[in-house]
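The values are calculated or read from the model by the stated rules, or taken from the named source; none is laboratory data. Remember, it's a predicted structure, so these values are computed and weren't measured experimentally. Cβ atoms come from the backbone with ideal geometry, glycine included; neighbour counts cover every protein chain shown. In case anyone asks, the SASA skips ligands and DNA or RNA and just uses the protein heavy atoms, side chains included. Shrake-Rupley method; radii C 1.70, N 1.55, O 1.52, S 1.80 Å.
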Amino acid sequence: MTGMSTEWWLVRHAPTINPEKAVYGVLDFDIQTPPPESFDALSALLPDDPVWMISHLSRTRKTLQGIVAARGLSDPKIYVEERFGEQNFGGWEGRPSADVWAEIREDGKSWPADIRPPGGETFSEVTHRVQEAALYWSDKFLGRSIVAVLHAGSIRSFLSTAMGGAPGAALAYSVETLSITRCDYLDAENWRVNFVNRVAR
């Protein structure tokens, strides 16, 4: 170990506008914009002067815009990392989630890490790409704090990485919208999980 760490403050994006309760991963749904007070409370839990990062999906950018506005920042540098995008659910995208779950259960499955949606990717594959990106940015900004507004799948992928590669176990974690999960990179083989799913009140 170098003695230096990279702090990852992982924020799940705001709730999406999804009246049909459809499965969405790569679909670029808009957010239900929270009131300024919610962004104020969230911002107060995050570190000063971090590196700002998002995925390529607009729900992460719009959520981060609310956070930086709460700080009075007008045009901060924002890094976009596509490997932090949500799982691609392939043929399930846009379908009612209740219907998809019914089909999974009919097949006697419970959505473990290696179920592949038709034409999509497995959660294990998501964890691999997220881990690659996490290691790259952790080394690039070693010693810094990174606030990354991401997705439930990518945040669980960080937890899998921190646990030494445990996709199935990471799926057990609840990751609410606008919650914060904190993982510290110590080196490529060592991480520390500080807390999961902390919500500003």
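Considering only residues that are within 14 Å of GLU125 (Cβ to Cβ) and small (Gly, Ala, Ser), look in the stretch 73-114 and name the one that is surrounded by the most Cβ atoms within 10 Å (Cβ to Cβ).
So, considering only residues that are within 14 Å of GLU125 (Cβ to Cβ) and small (Gly, Ala, Ser), the one surrounded by the most Cβ atoms within 10 Å (Cβ to Cβ) is GLY85.
Given the structure, is ASP49 over 15 Å from VAL149 (Cβ atoms) and not in a helix (DSSP H, G or I)?
Spelling it out, ASP49 is indeed over 15 Å from VAL149 (Cβ atoms) and not in a helix (DSSP H, G or I).
Would a scan of the stretch 133-155 turn up a residue that is among the small types (Gly, Ala, Ser) and open to solvent by 30 Å² or more (accessible area, probe 1.4 Å)?
Checked against the condition, which is being among the small types (Gly, Ala, Ser) and open to solvent by 30 Å² or more (accessible area, probe 1.4 Å), the stretch 133-155 yields at least one hit.
Find the residue count for the stretch 105-149, including only residues that are within 20 Å of GLY164 (Cβ to Cβ) and either in contact with an Asp or Glu (Cβ under 8 Å, 6 or more places away or on another chain) or at pLDDT 95 or above (or both).
Summing the residues that are within 20 Å of GLY164 (Cβ to Cβ) and either in contact with an Asp or Glu (Cβ under 8 Å, 6 or more places away or on another chain) or at pLDDT 95 or above (or both) in the stretch 105-149 gives 18.
For the stretch 157-201, enumerate the residues that are closer than 17 Å to PRO15 by Cα, of a type outside the set (Asp, Glu) and part of a loop (DSSP other than H, G, I, E, B). Spell out the reasoning first.
Of the residues in the stretch 157-201, the ones closer than 17 Å to PRO15 by Cα are 174-181, 197-201.
Restricting the remaining residues to those that are of a type outside the set (Asp, Glu) gives 174-175, 177-181, 197-201.
Scanning the stretch 157-201 gives SER174, VAL175, THR177, LEU178, ALA200, ARG201.
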